[in-house]
Structure formats: structure tokens, C-alpha cells
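This report refers to the structure that appears directly beneath it.
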Amino acid sequence: MADNQPCPCGSGDVYVACCGRFLEAGKTATTAEQLMRSRYTANVLRNISYLRQTWHPDTRPERIDLPPFPWRRLQVVATDGGGVDDDRGVVEFLAWRLVGHILRLHHEISRFVRERGSWLYLDGEVLPEPPVDLRKTGRNQPCPCGSGKKFKKCCLPWM
């Protein structure tokens, strides 16, 4: 990914100043939300080694399988703890991916812990969300992914 492109995590910063510093430059996230955003970006970029490195060894699976469909957008809903002075944190987020003409929402409440100065993903509760059939969305309607853009300028080109 080019350093000057917008970061996939949706922070509004460019990749090199945002998640790139964790995935490429080896910096350590100082908050649970930074780690969650960087892990989302690692999913987008299919960086399995970063996902393994930032997953707590007690809950990390033997194998990490990534969905073959592209992630489209991330929205942080809420955080509880997870700050620079905390050792535990919770981040609730929504992430959208496109599977053919179906928009799937991944809604998760993730738990993080800090050990030896590094934040780690511990586990998460995935909340069920119904898929959205994009064939029922008009080109000029707001995109169902919640980006605020018209459908024709957002998810439609990815179908």
C-alpha cells in the first residue's frame, strides 16, 4: 500500500501516519483502539503475520483464515478503557465486506489486554447482523454501508 493513500481503517489519516507505523515500521499501538484499527487494516492487506503477532497467545488459533472478500469500511462504535494508562480495553466496531452483491456486516465487541507494554487482541463477541442484498439498492441512494456516499460512488463499483 502506498504511504500517502488514505488508511483503510477510516481514521482520515494517510497510511504511513496511521496503521502503517504499526504494520510497516514496527511501532507499538498505545491504545486498544489503535490496535483494533491496525488489525482491521492488516485484514484488508491480508497481513497474517501482524494478526498473529497482535493476538494473545492464550486465544490465538493455530491457523488464521481470512475471508476472500474485500473489506469496505470500518466504524468504531464505542470504547471502554483501553487508553494509554489502562491494561484492559473493549472496542465495539462495525466492519463491512462485500460478498458478490451481498453486503455483510461484522459487528464485534472486542476485548484487549496490555502485557509487557504491548496491546493484544484477546477475544471478541460477534453480534449477528442480517446481510443486505445490494441489488435492491438504487444507484443514487445512500450506500447501505453507511459511508455517506451515493451507492454508485461507493460499493456499486466493487460488485
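The values are calculated or read from the model by the stated rules, or taken from the named source; none is laboratory data. Everything numeric in this text was worked out from a predicted model, so none of it was measured. Every residue, glycine among them, receives a Cβ derived from its backbone with ideal geometry; neighbour counts consider all protein chains shown. All accessible areas refer to the heavy atoms of the entire protein, side chains included, with ligands and DNA or RNA removed. Shrake-Rupley method; radii C 1.70, N 1.55, O 1.52, S 1.80 Å.
Of note:
- Count - residues of the stretch 84-116 that are farther than 13 Å from Arg73 by Cα, crowded, with 18+ Cβ neighbours inside 10 Å and in contact with a helix residue (DSSP H, G or I) (Cβ under 7 Å, 6 or more places away or on another chain): 4
- Look at the stretch 26-55: where a residue is among the hydroxyl-bearing types (Ser, Thr, Tyr) and a partner is surrounded by fewer than 19 Cβ atoms within 10 Å (Cβ to Cβ), sitting 6+ places away or on another chain with Cβ atoms under 6 Å, you get Thr28/Ser118; Thr30/Val84; Thr31/Gly83.
- The residues in the stretch 38-59 that are in a loop (DSSP other than H, G, I, E, B) and buried (at least 17 other Cβ atoms within 10 Å of the Cβ) can be counted, and the count is 2.
- Residue in the stretch 1-25 that is farthest from Cys154 (Cα to Cα), counting only those that are part of a loop (DSSP other than H, G, I, E, B) and open to solvent by 60 Å² or more (accessible area, probe 1.4 Å): Ala25
- Checked against the criteria, Thr59 does not count as over 20 Å from Asp123 (Cβ atoms), touching a residue at least 40 places away in the same chain (Cβ under 8 Å) and in contact with a strand residue (DSSP E or B) (Cβ under 8 Å, 6 or more places away or on another chain).
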